[in-house]
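Participant: Got a structure for you, written out below as structure tokens; questions coming shortly.
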Amino acid sequence: MVMNAQGLFKKLDKMNREAEAKEDKAGVFSGSDYVIAGDGKIVLPDGTEEAGTVKFIVMMRLDSMKYFWFTPASEMKPKKMRNKDVKCFVVNNRAFYPVRTKDDDLNIGNDLIFMEMLNNSEQDKFKMYLFRKVEAVPKQFSQTKPYELKTDYYVVLPDFKNAHNMEDLTFTPFAKKMSDYLKDCPELSDKIKNKEDGYKYNMMNLNGNDEVFLRIMKEYNSCGK
């Protein structure tokens with residue numbers, strides 16, 4: 001039986017969504033919200049730390065990613081903490097930092113949104129962040145779940161002012177651009193330039209590229225150590 005164009009499109013779209021829907025164990029869905037909660041701490045702009053419990057609610061609205069709820073260990077009532085109030089917060093051993101993206105360059109106001117930092121230290125020269133957002137599932141695919149968690153990876157290299165989406169044209173062509181960005185680590189730069197396995201961008205398997213970026217990030221941050 002020949003599938004019509006519309007049916008083929010729906011099938012391909014569903015396959016792409018299934019491929020993109022990687023398991024995320026940071027939190028759980030509560031209705032249309034994805035809730036990340038547990039023991040943790042906040043780090044204030046002056047470096048002061050305070051232990052307590054943290055609740056970060058990922059919603060469909062971007063402005064929801066600009067605040068979280070914190071209950072100090074010595075108190076019972078949660079406080080609403082905004083991105084300007086803290087340097088970062090930690091919940092269940094995951095560190096979240098307020099990040100400004102490349103897309104915010106033309107915006108006015110406090111546009112920093114919380115993302116999970118994936119590198120080991122804020123002192124690292126190559127930083128990666130995981131951005132989470134809830135989206136409604138199209139009606140034709142919503143029988144089992146009306147909402148899904150979408151993720152994007154953002155990258156900050158030594159010369160970057162703000163975070164760039166991993167799929168940004170900043171990294172195209174990958175072998176040339178990335179090897180040049182990281183030329184102060186010659187051995188790694190050569191691996192990327194020569195498109196060695198594990199160091200090349202794959203246009204046919206976008207989901208595998210996060211592993212490539214993570215591998216490069218870890219190797220670059222340990223370069224010379």
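Participant: Using only the Cα atoms of the stretch 49-182, build the gyration tensor, take square roots of its eigenvalues as a ≥ b ≥ c, and label the shape rounded, prolate or oblate: rounded if a/c is under 1.5, else prolate if a/b is larger than b/c, else oblate.
Facilitator: Working: a/c = 2.01, a/b = 1.23, b/c = 1.63.
Here the stretch 49-182 falls in the oblate category.
Participant: Multiply the residue gap between Asp103 and Leu62 by 0.36 nm, knock off their C-alpha separation, and tell me the result in nm, one decimal place.
Facilitator: Values: separation 41, 0.36 × 41 = 14.76 nm, distance 1.30 nm.
Working it through step by step, the gained length comes to 13.5 nm.
Participant: Any idea how far apart Asn194 and Lys225 come out in nm if each label point goes 7 Å out from Cα toward Cβ?
Facilitator: 2.5 nm
Participant: Using the beta-carbon distance between Asp39 and Gln123 and R0 = 30 Å, what value does 1/(1 + (r/R0)^6) give for FRET efficiency, to the nearest 0.05? The partial results should precede the final answer.
Facilitator: On the way: r = 25 Å, r/R0 = 0.83.
After rounding, the FRET efficiency stands at 0.75.
Participant: Mind ranking 173-186, 36-49 by how tightly packed they are, going by the mean number of other C-beta atoms within 10 angstrom, highest first?
Facilitator: Details: 173-186: 16.6, 36-49: 14.7.
Order by mean packing, descending: 173-186, 36-49.
Participant: Provide the gained length on full extension for the span Thr48 to Asn165, in nm with one decimal, where the gain is 0.36 nm per separating residue minus the Cα-Cα distance.
Facilitator: On the way: separation 117, 0.36 × 117 = 42.12 nm, distance 3.07 nm.
Taking Thr48 through Asn165 to full extension adds about 39.1 nm, to one decimal.
None of the figures in this text is laboratory data; all of them are computed from the coordinates on show. Note that the structure is predicted; figures quoted are calculated from it, not measured. Cβ: placed from backbone, ideal geometry, glycine included. Neighbour counts: every protein chain shown.
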